[in-house]
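Visitor: Mind having a look at this structure? Questions to follow.
Bear in mind these aren't lab numbers, they're just calculated from the coordinates by the rules spelled out. Just so you know, these numbers come straight off a predicted model, no measurement behind them. Glycine gets a Cβ as well: all are built from the backbone with ideal geometry, and neighbour counts include every protein chain shown.
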C-alpha cells in the first residue's frame, strides 16, 4: 500500500522494490491511487475511476480513487490524503487478493487506515514504514498547526503503531522517539534508506562539464537539490563571504530550485561574491556525473529537532557517489557521517563553522579526501544499498509470516 507509485517519480519502496521482492520469489500486488504527483494533476493516459487494474513490469496494480492535490493548500492536501485512505479501505479491502502480509509504504500516516481494516476483516498482518514522523513533521513544515488536530493525529499514529506487527524506521533517532511514545523496542526495526542507484555515476570525470559549469580549476563545494526554507542555505552564502578573501580558489556551487533561490542570488550579488555559482535544477538523469565533479558534497538543514532524527536522502546519494561530505545537520546524519569517517560536520546555520569545516577539508591531501569518500561508498554498499535493504525487509516480512 502506497500513496506514491510509478509513473510518479518515486524510486523508494515503489516499483523497483516490488520488482526486487518478485525476483526473490514472492507474489506482489500493489494498492495505490491514480498518479498525480508532483503537479496534482492526473497523468495523461489515466482517469480517476472507481477501480482500475493494470500490470506494470509484471506487477499487478490496483488503483482506487484519489482527490489529486499537491499545491500549497494544507486543506486540499489533507483531503487528498484522506480520500485515498478511504478509497483503499472501502474498495481496496475487497479488491485485493488474499495475502500473507501487507506493507504500508511511502505516504502519509493516513495510509495505515486500510491496513488496519484489512488486518481486522481479512486477518492480514501489516508492517508500516515510518519515513515522516507525524505529527512532528506537520508542525515542522508548517502544514498544520491546530493543537487539537495534532492531538488527534498523535492518537491515530499511536494506534497505527500498536496494530502493526513491525514498524520500520530509517534512523536510530526515530526509533528512540517511538520508544518514548510507548512503542515496544522489539517491534521497531531500523533499516537505512537507499538512493536511486541507477542514476549514480561512478565512472571517471567529464572534463568538458567542469568548463561548462564553471567548476574548472576550483575547489568545489557542491549542493544539489531543493533550495528552500528547510535547507536554510543563507548561512552558506555568509560562509562564502568569510572564505572569499583568504581562499579565492574555494567556491560553493548550487544546483537546484526552490523558494529561496532568488533570495540567495540577491544576497550573493549584494556581497559581490565571485565564489558562489548557481545552476538551475538539472534532470535527475544528469546529476550523477555532476556530483562526481565535486571536491566536497554539501548537505544542510536548519537546526530543528525533527531534522536531528532524520538522515536526508542526499547523504545516501553522496555516500554512493564516493565523495567527501560536508554535513550541516544536527543529530543522526552527523553521527553517521563522522562515525564512518565519510566527511566533516559543521554547525547548521553557523557561517564561521561552515567556513572552518570547508578549510579543514581543503587543507587535507587529495589522498585523504579520496579515502574519506571511499569510506562512505563502502558503508553504503555494505549497509545501505538497495539490495541490502530489500533483503532486510524480506527478513522482517518472513519472520512475521512464520509466527
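Visitor: Using the beta-carbon distance between residue 205 and residue 123 and R0 = 41 Å, what value does 1/(1 + (r/R0)^6) give for FRET efficiency, to the nearest 0.05?
Guide: For residue 205 and residue 123, the calculated efficiency is 0.15.
Visitor: What shape does the range 75-156 have by the C-alpha gyration tensor, where a ≥ b ≥ c are the square roots of the eigenvalues, rounded means a/c under 1.5, and otherwise prolate means a/b greater than b/c and oblate the rest?
Guide: Verdict is prolate for the range 75-156.
Visitor: Next question, about the same structure. Return one quarter of the surface area of the convex hull spanned by the alpha-carbon atoms of the range 198-382, equal to its mean projected area, in nm².
Guide: Taking a quarter of the hull surface, the average projection is 9.7 nm².
Visitor: Report, in whole Å, the centroid distance computed from the Cα atoms of the range 1-55 and the range 191-269.
Guide: Centre-to-centre (Cα) distance: 33 Å.
Visitor: Add -39500 (n - 2.57) for each DSSP H run of 4 or more in the chain, then divide by its residues: what number comes out at 222 nm, to the nearest 500 deg cm²/dmol?
Guide: -12000 deg cm²/dmol
Visitor: Sort 301, 51 so that the residue with the fewest other Cβ atoms within 10 Å of its own Cβ comes first and the one with the most comes last.
Guide: Fewest-to-most ranking of 301, 51: 51, 301.
Visitor: Pairs of Cα atoms under 8 Å, at least six residues apart: use those to get the relative contact order of the range 157-279, whole percent.
Guide: Once divided by the residue count of the range 157-279, the mean separation gives 21 percent.
Visitor: Springs between alpha-carbon atoms under 10 Å, Gaussian network over the chain: tell me which of 88, 371, 316 tops the mean-square fluctuations.
Guide: Of 88, 371, 316, the Gaussian network model singles out 371 as fluctuating most.
Visitor: How large are Rg and Dmax for the chain when calculated on the C-alpha trace, in angstrom?
Guide: 22.1, 68
Visitor: I need to check one value: relative contact order of the chain, counting alpha carbon pairs closer than 8 Å and at least 6 residues apart, in percent.
Guide: Computed value for the chain: 12 percent relative contact order.
Visitor: Measure off 7 Å from each Cα along the Cα-to-Cβ vector at residue 259 and residue 50, then give the distance between these two points in nanometres to one decimal.
Guide: Taking the simple label geometry, residue 259 and residue 50 are separated by 4.1 nm.
Visitor: Out of 55, 179, 101, any idea which swings most in a Gaussian network model of the chain, alpha carbons joined below 10 Å?
Guide: With Cα springs under 10 Å in the chain, the top fluctuation among 55, 179, 101 is at 55.
Visitor: Now for a separate question. Restricting to bridges with both residues inside the chain, how much of the DSSP beta-bridge set is antiparallel, in percent to the nearest 5?
Guide: Within the chain, antiparallel bridges account for around 15 percent of the total.
Visitor: Taking every DSSP beta bridge with both residues inside the range 1-158, roughly what % is antiparallel (nearest 5)?
Guide: For the range 1-158, the DSSP antiparallel bridge percentage is about 45.
Visitor: How do 211, 394 line up, fewest other C-beta atoms within 10 Å first?
Guide: 211, 394
Visitor: Now for a separate question. Would you work out the relative contact order for the range 198-382, in percent, from Cα pairs under 8 angstrom that are 6 or more residues apart?
Guide: Once normalised by length, the contact order is 23 percent.
Visitor: Could you check the spin-label model distance between residue 190 and residue 98? Points 7 Å from the Cα along Cα→Cβ, value in nm.
Guide: 3.9
Visitor: Taking the number of other C-beta atoms within 10 Å as the exposure measure, put 186, 8 in order starting with the fewest.
Guide: Fewest to most other Cβ atoms nearby, the residues stand as 186, 8.
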